[in-house]
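Below is one structure, written out as structure tokens; the observations come after it.
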There are 2 protein chains.
Amino acid sequence: MIAVYGGIEGGGTKFVCAVGSGPDELHSVCSFDTEGPEETLDRAAAFFGEQQEALWRQGSAKIEAVGVAMFGPVDVRPGSPSYGHVLSTPKAGWSGADILGPLSESLGVPLVLDTDVNAAALAEWRWGAACECDPALYLTVGTGIGGGVFVNGRPLHGLLHPEMGHIHVRRHPNDPASFLGICPFHGDCLEGMASGPALEQRWGSRPEALPVDHPAWDIQAYYLAQAVVTCIYTLAPERIVLGGGVMRGPGLLAKVRREVRILLKGYLRSEAVGAGIDAYIVAPALGDRAGVLGALALAERLQ
Amino acid sequence: MIAVYGGIEGGGTKFVCAVGSGPDELHSVCSFDTEGPEETLDRAAAFFGEQQEALWRQGSAKIEAVGVAMFGPVDVRPGSPSYGHVLSTPKAGWSGADILGPLSESLGVPLVLDTDVNAAALAEWRWGAACECDPALYLTVGTGIGGGVFVNGRPLHGLLHPEMGHIHVRRHPNDPASFLGICPFHGDCLEGMASGPALEQRWGSRPEALPVDHPAWDIQAYYLAQAVVTCIYTLAPERIVLGGGVMRGPGLLAKVRREVRILLKGYLRSEAVGAGIDAYIVAPALGDRAGVLGALALAERLQ
């Protein structure tokens, strides 16, 4: 009998819940809009309750554990008094919300929580585009920019968790001078210059509506490549997975690879950043499912 | 009977060899100038031969294993065909030099090799200023700038090893416009702007001769703080140790701490980067001995 786990991807706009044991054994997936913490967590708990009941009726496996892949900032340090709580966030009603407490009460199974991006990095390492790669780096570029790292056999935690979105970048010479960046903390950090909302505000158009020959894409690739190069220098990843909605921009991944080589200026003599770069900086293999699969993988690791 | 290990700190200007089991049990230390690989490694092997003989005569412990903390770039990946070899380096005669091969033949004990900075990070984690801190980051600022990381219970390797020295930095507005940076690859990366030789070339004076009120120090702190903040965003270290000769500059450590807080702009709500910053960004506890002690610690971990 295959062990079965629960996964919750807690995003700022929607929650995705799943029961299963991997990308090819997902028994059930549901998703719903993110409301306040209480309603949202109740709904997640109800889903797992139904799933557990269905498994019982089938005389099949029980849900061994549930993993939560949560939007940040969130306290991911087991043992910390606020472990499993959302920290200060602009998302109304969620600052300080206890995620693990209510779920633990409802579900009565072991629970584990990490950031959505650490979970995605874990999932891509476990089943996806970064199999056997340690360190594995996952960067997501969407409404925000975030990064997760799997290193020396475990997700990366520390002072808190990585915050790749706020790396400083050098300004592209063709970036309109009137655009100062939109990060409420830093203005022109990576997220301030290269997140989806930054593109929209600068160009007056949603990223998916910008044509392939728009100058936005070269500028965007320059910023993202700086972040990738910074992560190569600090983390030495064996593979870099670039996900999130903005990465679907036409030709963007290829432009980022090219800019990375330009910025390295031949410094690292590794095949990975030379002829092998197409296999080094890659799209996610698990697509939209990386978050919830990462949550399953977190639960699996509890056993 | 306490186990005894050998450590070699292989630097670009000198080699330091030691036998012992920790900072308070260093039986013997010797250091000599770095010549070509053959003479230098022979000399190291001769030292350990004498030490081993002395231990035998005393009926005391034998050297269980030897660790090597080597200047980079160096192949640190056990299993790689060039594991234990120096890679491409400007240091005459050392490009491609096999370090572990000749030592293994001479010494006949288990050997392990890592970068000098990863070894220093390990030593500060094991006995020094970053005890119990994981991740622990060690940055050295001297002739070059390098970084080592201890994370999830082990030194950080990957594509190769971290190369913090080449992080891009934003230019300080008061940095003389005529100074373009001295990194042969990137010009104005961190090492190009903030290494000892960069200071010397820019200000026409060795760092140790620059007075406390010289504008160099604010500019220097700005560059180093950018690297520290970048490492906080990518690695989330629980402690950051800043070592190397340039860090002995008057008031520099305090200036770096102040700049880090300015650059973070309140983004990370952690005591460590607030009231606790003096305990978060710290000087090495092991001083000049971090490298060779790290080499001992590498050997100790083989057991």
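The values are calculated or read from the model by the stated rules, or taken from the named source; none is laboratory data. Everything quoted here is computed from the prediction, not taken from an experiment. Glycine gets a Cβ as well: all are built from the backbone with ideal geometry, and neighbour counts include every protein chain shown. Just the protein is used for accessible areas: all its heavy atoms, side chains included, with ligands, DNA and RNA removed. Shrake-Rupley method; radii C 1.70, N 1.55, O 1.52, S 1.80 Å.
If you take the accessible area of A alone, add that of B alone, and subtract the area of the pair, what total do you get in Å², probe 1.4 Å, to the nearest 100?
3900
Rounded to the nearest 0.05, what FRET efficiency do B:ARG206 and A:GLU64 give with R0 = 60 Å and r taken as the Cβ-Cβ distance? Could you check?
Step by step, r from the Cβ atoms, then E = 0.45.
Over all residues in B:232-244, what is the mean tally of Cβ atoms on other chains that come within 10 Å of each residue's Cβ?
What the average comes to for B:232-244 is 5.
Using the alpha-carbon centroid of each, what span in Å lies between segment B:90-104 and segment B:202-280?
34
Using only the alpha-carbon atoms, what does segment A:127-241 span along each of its principal axes? Please give whole angstrom values in decreasing order.
On the principal axes, segment A:127-241 reaches 44, 30, 22 Å in Cα extent.
Within segment B:1-78, which trypsin sites (Lys or Arg not before Pro) sit in a loop by DSSP and count at most 13 neighbouring Cβ atoms inside 10 Å?
When the trypsin sites (Lys or Arg not before Pro) of segment B:1-78 are filtered for loop state and at most 13 Cβ neighbours within 10 Å, B:LYS62 remain.
Shape verdict for segment A:1-148, please, from the Cα gyration tensor: rounded (a/c under 1.5), prolate (a/b greater than b/c) or oblate.
Oblate is the answer for segment A:1-148, as a/c is 1.5 or above yet b/c matches or exceeds a/b.
Hey, which lysines would be in cross-link range of B:LYS91, C-alpha to C-alpha under 17 Å, not counting anything within fewer than 8 residues on its own chain?
Once the sequence-local lysines are set aside, what remains near B:LYS91 is B:LYS14.
Taking GluC sites (Glu not before Pro) that fall in a DSSP loop and have at most 15 other Cβ atoms within 10 Å as cut points, what is the longest piece of chain B between them?
Longest stretch, sites excluded: B:133-303.
At what distance in angstrom do the alpha carbon centres of segment A:146-160 and segment B:112-154 lie from each other?
Computed from Cα coordinates, the inter-centre distance equals 17 Å.
Residue separation times 0.36 nm, minus the C-alpha to C-alpha distance between A:ALA46 and A:THR13: what's the value?
That works out to 10.0 nm of additional length.
Suppose you put the label 7 Å out from Cα in the Cβ direction; list, shortest first and in nm with one decimal, how far B:PHE32 is from each other copy's label.
7.4
Would you mind working out the accessible area per residue for segment A:3-135, using a 1.4 Å probe, and quoting it in Å²?
Accessible area per residue: 42 Å².
Report the full-extension gain for the segment B:ARG57 to B:SER106: residue separation times 0.36 nm, less the Cα-Cα distance, to one decimal in nm.
Full extension of this stretch gives 15.7 nm more.
Within a 10 angstrom radius of each residue's Cβ in A:133-139, how many Cβ atoms of other chains show up on average? Whole number is fine.
Mean partner shielding for this stretch: 2.
How large, in percent, is the carbon and sulfur part of the accessible surface of segment B:1-66 at a probe radius of 1.4 Å?
Answer for segment B:1-66: carbon and sulfur cover 46 percent of the accessible area.
With labels modelled as points extended 7 Å from the Cα through the Cβ direction, what inter-label distance (nm, one decimal) is found for A:GLU39 paired with A:CYS131?
4.2
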